Amino acid sequence: MSYKLNISARKEALIKLMDEIVKHENEIIQALYEDFKKPVFESIATETSYIISELKSTIKNIEKWAKIKNVTPSIFNFPSTDYIVKEPYGKVLIIAPWNYPFQLAISPLIAAVAAGNQVTLKPSELTPKTSAIIFRIIEKVFQHQHAKVIEGGVEATQKLLAQRWDYIFFTGSVAVGKIIAKAAAKHLTPITLELGGKNPCIIDETANLKLAAKRIVWGKFLNAGQTCIAPDYILIQEKMKSHFIDFMKNEITNAYGENPKDSPDFARIINEKNWHRLVSMIEPEKIITGGKTDVEDCYISPTLIEENNLDSLLMREEIFGPLLPIITYKDEKEIDKIISKYEKPLALYVFTDDTKFARKTILKHSFGGGCINDTVIHFANKKLPFGGVGHSGIGAYHGQLSFDTFSHHKGIVKKANWLDLNLRYAPYTNNKISTLKKLLNWL
Ligand code: NAD
């Protein structure tokens, strides 16, 4: 590798990055607003403050995370000292989506830089204002051979993918994830794929419905439903449905008022294409509440939908917008049947007071991560791995795992010379075979 930076130089770059982000925080918030009317609170909580906290924690822990780690040696290698060296992969490509356009571009960049890589970052073209400010900040902080931003859309990404990389970190849709995996396979480039899916939100008859509704409304309509871990559909015990709907209607009004279009706290759909995609999923006769739309403002109100057809357009793919289908179940068997109809989701939520049911649900289904009695918040704990499984992704990151994701872990045995047991060397006499067997039995 031609370009290697020691820990203190990486740390210095991260401190400079933090200074620039802090200095430009208002501009970033403004860019996010111009891109899709992202509410100020949400921009601070999920983009700028989130990143500043990530920078602080990385700067604080970088020496610890990068340190050579001694491990217990194997008796077979006696006498030896064994350890793990974390080595930067080299040239890393990061491709980011539009839905959290600042956070999901900068968060992997921080980890890749901390781990000592050279980074090329491709932000989403669908949030041009945010992409532009990311470009300006990275240009100011880094030398080109250390980290740079390439702006552009599909064509620009395809050009980047045609090059050879040492690691590719992609956040986006399942469909594009497959394109990335194919391009990476050509050079056997290791990848992380942070994708999406249909995230079930199960509510049983013991759940605190009022609180569940409050937490689901927040997690679903945050970023106007354009969150990879937003609840995609509700699975509710049939007896609870009408009560739950009443609570949901109340909570939507509490959060966004009678007309969410006037609320400064409700974002817009990213563009007309996605607006049309979402509107085409709405069957008007199934609307419980909401269903108000305005193409010129890329607006769709928080919408609850009574769904009984698992093959409807709404239930066929990840919704990724403020439409929430409510489906009823009779018993656990029905829950299992519905969930297993879809690919493994990125998140699963279960609202219940029944600890056994919660535990069973969490263990029974395969999904990226999730919560019991809440939505989305597992994202906020840096100690929890964040990533999907199956179609919802490959690999995970956050906290130290982010640093580890961008490092190759090299296992080393340092053999001592003061002793050299003869057992492993040929000729393998019968005596040696019986000693080996005894040793294996003893261990
Ligand atoms: P996307 O897959 O359309 O785009 C992501 C990136 O890929 C963009 O930078 C885009 O320029 C590029 N791209 C698009 N088409 C391409 C092509 N044909 N060839 C090469 N590159 C291409 O995703 P999006 O619409 O930006 O984001 C929404 C999706 O991302 C949702 O499915 C959501 O669930 C998922 N997502 C996942 C996470 C996670 O952490 N797992 C986070 C956010 C979003």
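All of the numbers you see were taken from the coordinates with simple rules; none came from a lab. All values derive from a computational prediction rather than experimental measurement. Cβ: placed from backbone, ideal geometry, glycine included. Neighbour counts: every protein chain shown.
Less than 5 angstrom separates the built amide H of GLY369 from those of ALA347, LEU348, all sequence-distant by 5 or more or on a different chain.
Amide H to amide H distances under 5 Å link TYR233 with ASN199, CYS201, where only residues 5 or more positions off or on other chains count and H is placed in the peptide plane.
Full extension of the segment from ASN250 to ASP297, taken as 0.36 nm per residue of separation minus the current Cα-Cα distance, would add 14.4 nm.
For the chain, rounded, prolate or oblate, judged on the Cα gyration tensor with a ≥ b ≥ c (square roots of eigenvalues), a/c < 1.5 rounded, else prolate if a/b > b/c? Verdict is oblate for the chain. Between the listed residues ALA185, ASN117, ILE94, the Cα displaced farthest toward the positive end of the dipole of the range 90-200, a dipole computed from Cβ unit charges relative to the Cα centre, is found at ALA185. Relative to one another, the C-alpha centroids of the range 11-28 and the range 174-219 are positioned 30 Å apart. Gain on full extension, evaluated as 0.36 nm per residue between ASN208 and ILE84 minus their Cα-Cα distance, stands at 39.9 nm. Taking the alpha-carbon distance from LYS438 and a cut-off under 24 Å, which lysines remain once sequence neighbours fewer than 8 residues away in the same chain are dropped? By straight Cα distance, LYS438 reaches LYS415. Note on ILE7 and THR429: their simple-model spin labels are 4.9 nm apart, each label 7 Å out from Cα toward Cβ. Taken about its Cα centre, the chain carries a charge dipole of roughly 2520 debye when the Cβ of each Lys and Arg holds +1 and the Cβ of each Asp and Glu holds -1. Please report, in debye to the nearest 20, how large the charge dipole of the range 200-381 is about its Cα centre when each Lys and Arg carries +1 at its beta carbon and each Asp and Glu carries -1 there. Charge dipole, the range 200-381, about its Cα centre: 480 debye, nearest 20. For LYS129, which aspartates and glutamates qualify as cross-link partners when the Cα separation must be under 16 Å and same-chain residues fewer than eight apart are set aside? Leaving aside aspartates and glutamates fewer than 8 places away in the same chain, those within reach of LYS129 are GLU25, GLU27, GLU34, ASP35, GLU47, GLU139, GLU151. The lysines whose alpha-carbon is closer than 17 Å to the alpha-carbon of LYS286, local same-chain residues fewer than 8 away aside, are LYS241, LYS249. In this rough spin-label picture, where each label sits 7 Å from Cα along the Cβ direction, the GLN400-LYS140 distance is 3.4 nm. Using a simple spin-label model with pseudo-atoms 7 Å out from Cα toward Cβ, ASN381 and TRP218 lie 1.6 nm apart. Think of the range 200-381 as a dipole: +1 on every Lys or Arg Cβ, -1 on every Asp or Glu Cβ, centred on the Cα centre; then among ILE270, VAL350, ILE287, VAL350 lies furthest on the positive end. Amide hydrogen proximity for SER124: with H placed 1.01 Å from N in the peptide plane, the residues at 5 or more positions away or on another chain lying under 5 Å are ALA96. If R0 is taken as 35 Å, the Cβ-Cβ distance between LYS186 and ASN417 corresponds to a FRET efficiency of 0.20. Ordering PRO427, HIS243, ASN26 by the projection of their Cα atoms onto the charge dipole of the chain, which places +1 on the Cβ of Lys and Arg and -1 on the Cβ of Asp and Glu, puts PRO427 at the extreme positive end. The antiparallel fraction among DSSP beta bridges confined to the chain stands at about 35%. Pairs exceeding a 23 Å alpha-carbon distance, out of LYS16/LYS148; LYS159/LYS186; LYS91/LYS273; LYS60/LYS382; LYS56/LYS344; LYS37/LYS91: LYS91/LYS273; LYS56/LYS344; LYS37/LYS91. A full extension of the chain between LYS56 and LYS69 corresponds to an added length of 2.4 nm, given 0.36 nm per residue minus the alpha carbon distance. Classify the range 200-381 as rounded, prolate or oblate, taking a ≥ b ≥ c as the square roots of the eigenvalues of its Cα gyration tensor: rounded when a/c is under 1.5, otherwise prolate if a/b is larger than b/c and oblate if not. It comes out prolate by the Cα gyration axes.
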